[in-house]
Every structure is written in C-alpha cells, then in structure tokens.
Amino acid sequence: MRAQKGDRLVVHGRVVGQNDHVVEVVEVLGRNGTPPYRVRAENGHETIVSPGPDSVVDHRKQSDAQQ
C-alpha cells in the first residue's frame, strides 16, 4: 500500500450495514509512501493509522472526489 498527502484512505465496513470510513491522508510517516499515515476525518479529528487488509487508497484528491 502506498499513499501520498491528499489521498483518501477508505476503510471498508466489517459487518453488513456498516458504512465505509473515509479519511484524508495529511502526512505519510513511512518510507516511499508506505504506512503509517497521519489522517484527518471530516470532523477534523486526526490520528495515526497503519491500515489493514480491509483498507484501500483512493488516489483522487478530496477536491477531485467532490466534483
């Protein structure tokens, strides 16, 4: 998994009916785009994550995704 600042990280819901959780990558802490990542949720909360196999990187920037 590789990401860069501005990408979106999508964590898929683990049970039926649970929505995906989408956050913005604000800093890449690993080498060459690898985890861990500092991410920001829509509500402004920031945390550091090391995504698991239920996650994918969406390389569209937030502004591209809203169009």
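The values are calculated or read from the model by the stated rules, or taken from the named source; none is laboratory data. Source: prediction; values computed, not measured. Glycine gets a Cβ as well: all are built from the backbone with ideal geometry, and neighbour counts include every protein chain shown. Note: accessible area is taken over every heavy atom of the protein model, side chains too, but ligands, DNA and RNA are not part of it. Shrake-Rupley method; radii C 1.70, N 1.55, O 1.52, S 1.80 Å.
Couple of notes before you dig in:
- Filtered by the rule that a residue be within 9 Å of Asp58 (Cα to Cα) and charged (D, E, K, R), segment 1-26 gives Asp7, Arg8.
- Residues that are open to solvent by 80 Å² or more (accessible area, probe 1.4 Å) and in contact with a Leu (Cβ under 9 Å, 6 or more places away or on another chain), drawn from segment 2-47: His21
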